[in-house]
Structures are given as C-alpha cells and as structure tokens.
1. Along segment 105-111, what does the Karplus equation 6.51 cos²θ - 1.76 cosθ + 1.60 (θ = phi - 60°) give for ³J(HN,Hα), rounded to whole Hz, x for Gly and Pro?
2. Show me the chymotrypsin sites (Phe, Trp or Tyr not before Pro) within segment 211-293 that DSSP assigns to loop and that have at most 12 other Cβ atoms within 10 Å of their Cβ.
3. Between beta-carbons, use under 9 Å as the cut-off and find the net charge around residue 26, counting Lys and Arg +1, Asp and Glu -1.
4. For the pair residue 33 and residue 91, what calculated FRET efficiency results from E = 1/(1 + (r/R0)^6), where r is the Cβ-Cβ distance and R0 = 41 Å, to the nearest 0.05?
5. Do any trypsin sites (Lys or Arg not before Pro) in segment 235-294 lie in a loop, going by DSSP, with at most 15 other beta-carbon atoms within 10 Å of their beta carbon, and if so which?
6. Using the count of nearby Cβ atoms within 10 Å as a rough guide to exposure, how do 180, 151 rank from fewest to most?
7. Among 47, 255, what is the fewest-to-most ranking by other Cβ atoms within 10 Å?
8. Roughly speaking, what is the centre-to-centre gap between segment 85-99 and segment 16-47 when only Cα atoms are used, to the nearest Å?
Amino acid sequence: MLHTSDIAEPRAAAPKRSGLPRLTTASAPLTHAVQATNERGETELVHIPAERALTVYVDKRELVTLMTLGAQPELLVLGYLRNQRLVADARDIESVTVDWDVGAAAVRTRRGIERIEERTASRVVTTGCGQGSVFGALMDDVASISLPPACITQGELYGLVNAIRLKESTYKSAGSVHGCALFSGSELLVFVEDVGRHNAIDTIAGWMWMQPDTVQGGDKVFYTTGRLTSEMVIKSAQMGVPIVVSRSGMTQMGHAVAEQLGLCAIGRATNRRFVCYAGAARLVFQPELAGEPNPLRA
C-alpha cells in the first residue's frame, strides 16, 4: 500500500529508463499551528491545514494559480495538465520544477503545447474548492471517452470505506481538507489530501502517469470525500477509472455524465450504507452484508 508521503523518493530513477519527466520533490508542511480559544474561553494550540499558492508556468508562459497544501506539488501539476487535456502523455513533458520560495512550478515540455492560447482561453467557474476554474473544452471531450469493463462487489466497497475510516490523515488532525484515494478492489494504493478535491484527484492522476507500466485505470476504484460533480466524474473517466465512490452525494450534471459514460457512481458511502446513483450493473450486490435495515432511515 502506498501513500503520498511514500512516493517522492523513487522518482529520480524513473525518467532515465522510461522517458518520464524529471520532478523535483518540493513538499511543504501540511499543517500550521495557531492559537485558538475553545468553548470554555481557554487558549489552546490547534493545527489547521496549510494553504499556499502555486503558480504554474508552462514553457515560461503563466497558465494558472492553484491553491494547495503542497504535499506533492509536482504530481499535482502533472495531473492538472493531464485532466485539462493539455498534455496527452507524460513523456511529452521534460521536467516539472517547483520552488516554494517563489511559489511557482516551471513546466518544460519537449515540443510545446499546440494551440495553448486557444485551448486555455475558455474557462468556466467550477463548484470545486481550492481551484477556481477548468477549461471549458472538457465537456466537449466526454463523448470520446470509453471506459473499460470492471465491477466491484459490495464486500469490496465496504472494505475500501473501512480503509478510509482507519487512515491517519490531515483531516483527522486539522480538518478542512478533502481526501481522494485510488483502490484496487479494497486495497488502498494511494491517498491524497488537499484544500480542494480537484487538486487531490489531479495529484492522483499525476501519480498514475509516473508509473504507466504498473498502474492502469481499468480495474481501479476512485474514492473522494467530496461530492460527485460533473468535473469529478469526467476526471475519473479521463483517468480510465470506471467506478467512483464518495461519502457525499452527487449533483444532477454529475449524474447525467455518469449515465452517459456508463460509469458506476456510488455516494453517501459510510459504514454499511450507500446509494448507487448510476452504473448499478458494475456493482455486485451482496445485500446480506448490509445488516438489518435502519427503521429511522428515510
């Protein structure tokens, strides 16, 4: 099982043998200690999530500023470029260099990004926190996405929900962050937290890009603590992940996109409860595992 704190060290050797980009390892503290006053009027030291601006430059052209915890900024930048459909392959990128002294990420591509001005001109406001906009062309690409066949059993679903419950996290110590994870069955492969769920899923997309020979999306399950909006569904699909799980709910547009793609969308997943909003054919139901019905549930 691999967590974001584990994935920085092996990066240097990979590009030499596979042509993957060179990445710095510019992680930053995830929490910050402040004085606060509790309900008894007592002053105490509490930890809150760190938040910092990271301005992304592609071939010296300013692209976007992301607000992030900064745990894995290089992977965040890679995943952002991937999920915005600006770069088709990790090998098209020569390097990503992050410098927290100036709050910047410098991306150097091998051949530039074709029509970058045109492709980054159209922006739409998103429902995400920690990231202000996405490029409008994402919706235009939905029809071209084809998801692989994959299923999840109800037992595997319960296993991954329990794995998240047991995971030590910034949310448990400081709150105010979103978490995303990638699973194979109920096995946790990578877990990422950030100030916005879009940043967290982009970081996972970048992580997947850096190990193309070992991690593919087809048999994977994506988990998020945030709601399943259209952007989150599209990004999961772009990663080739056909099953998404959230402890929150789902929006109308997110549902419409999931139905169009044949993506399995499961929400309100806590303990033994869940709602499968779309793609129920991908879920192998085992109702005997659910326990007795709750008479107080509406």
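Read the figures in this text as sums done on the coordinates, not as results from a lab. All values reported here derive from a predicted model rather than from experimental measurement. A quick note on method: Cβ atoms are made from the backbone with ideal geometry, for glycine too, and the neighbour counts reach across all protein chains shown.
1. 10, 9, 9, 10, 8, 7, 9
2. On the way: sites: 222, 223, 274, 277, 285; in loops: 285.
Passing sites in segment 211-293 are 285.
3. Working: positive: none; negative: 74, 99.
Residues near residue 26 contribute -2 overall.
4. Details: r = 41 Å, r/R0 = 1.01.
Calculated value: 0.50.
5. Numbers: sites: 235, 247, 268, 272, 273, 282; in loops: 247, 272.
Loop-located and lightly packed - 272.
6. Values: 180 29, 151 14.
Ascending Cβ contact count within 10 Å gives the list 151, 180.
7. Details: 47 15, 255 19.
Exposure proxy ranking, most exposed first: 47, 255.
8. One Cα centre to the other: 25 Å.
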